[in-house]
Amino acid sequence: MNPSDKPRPRSSARPVALLTALGLTIGLAMLYLWFRASEAEQTSALARQEARAFFQQVLITRDWNASHGGVYVFVTPDTPPNPYLDGPDRDLRTDDGRTLTKINPAYMTRQIFELADQRQVQFHITSLRPVRPANACDHWERQALSSFEAGREERAEFTSEPGAGPVFRYMAPLRVERPCLACHAAQGYREGDLRGGISVSIPAAGLMDIQRRHDRNTLIALGLIWGIGLAGVTLGYQRLARAEQSRENVIRELQGALAKVKALSGLLPICAA
């Protein structure tokens, strides 16, 4: 059989190129997923930090009010006497005939929440056993309160509110402290019990836009790296294929020369005879 008719060995350039391209694609895809998860975690951490700061400010304000046993303000159409506050000292009358009413921590908190709502940050004080019907919890808050009873210290996540777009919701528990017993001891609460919680809702459209922009920039950058990498793989494949072709040509020439040598060596005895 003619040596040139022997089956040619399979080229190793194509499998190497395909495996390299596949490895590059998988590696960059995993890197993008990691970047995306890291960006989402950072966005959530920023929103959580902001919401937690709002919550702490409300707690400090409530503590200040409770440490003074409530504060008195003049009765106005926007600040009528609190119908849920009992006691003979709820309302006082000044010498000039004007009426003062006591603002306890819960009443003050509600008024602060109404002001905050005008600035697109929504607060809601709630409980599983609310005294005021408007303080009843929604489904998300009920789940959070149940988790607080199980020992969890806070709950936070992005949600989508109908007509409001993406919203970051945060909630942390309210524990009964000694000044709180003046109003809530009649409900059977003791110091340290879970009284309820305060939820904070922050519009998250801006944060989500920033996150999407970062995702897009990351995808573009990794796409460029992927394209350059594939171009390099293609160039390497072409060089390796040419090198293999050149080697096969040399081998074929050597095999042809070796066949001629064998043919000549077979003729030498005949010539000698």
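Numerical summary
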{"item": "Accessible surface of the chain [probe 1.4 Å, protein heavy atoms]: carbon and sulfur percent", "result": "60"}
{"item": "Rounded Å value of the spacing that divides the Cα centres of the range 147-165 and the range 244-261", "result": "75"}
{"item": "For the range 104-181: relative contact order, % (alpha-carbon pairs under 8 angstrom, 6 or more apart)", "result": "16"}
{"item": "Mean ellipticity per residue at 222 nm, deg cm²/dmol - from DSSP H runs of n ≥ 4 across the chain, formula -39500 (n - 2.57)", "result": "-20000 deg cm²/dmol"}
{"item": "Cα long-axis angle, helix 13-67 against the chain (0 to 90 degrees, to the nearest 10)", "result": "10"}
{"item": "Estimated vicinal HN-Hα couplings, Hz - the range 120-129 in sequence order (Karplus 6.51, -1.76, 1.60; Gly, Pro = x)", "result": "6, 10, 9, 10, 8, 8, 8, 7, 6, 10"}
{"item": "Rel. contact order, % - alpha carbon contacts under 8 angstrom, at least six apart, the chain", "result": "23"}
{"item": "Accessible area per residue in Å² at 1.4 Å probe, computed on the chain", "result": "65"}
{"item": "Cα-projected label distance for D91 with Q120, points at 7 Å along beta-carbon direction, nm", "result": "4.0"}
{"item": "Two-decimal log10 I(q)/I(0) for the range 55-211, as the Debye equation yields it once each C-alpha is a single scatterer, q = 0.13, 0.21 Å⁻¹", "result": "-0.68, -1.45"}
{"item": "Amide H partners (placed H, <5 Å) of R195, local residues excluded", "result": "L174, R175, V176"}
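The values are calculated or read from the model by the stated rules, or taken from the named source; none is laboratory data. For clarity, every value in this text was computed on a predicted model and none was experimentally measured. No Cβ is skipped: glycine too gets one built from the backbone with ideal geometry, and neighbour counts run over all protein chains shown. Surface areas here come from the heavy atoms of the whole protein model, side chains and all, with no ligands, DNA or RNA. Shrake-Rupley method; radii C 1.70, N 1.55, O 1.52, S 1.80 Å.
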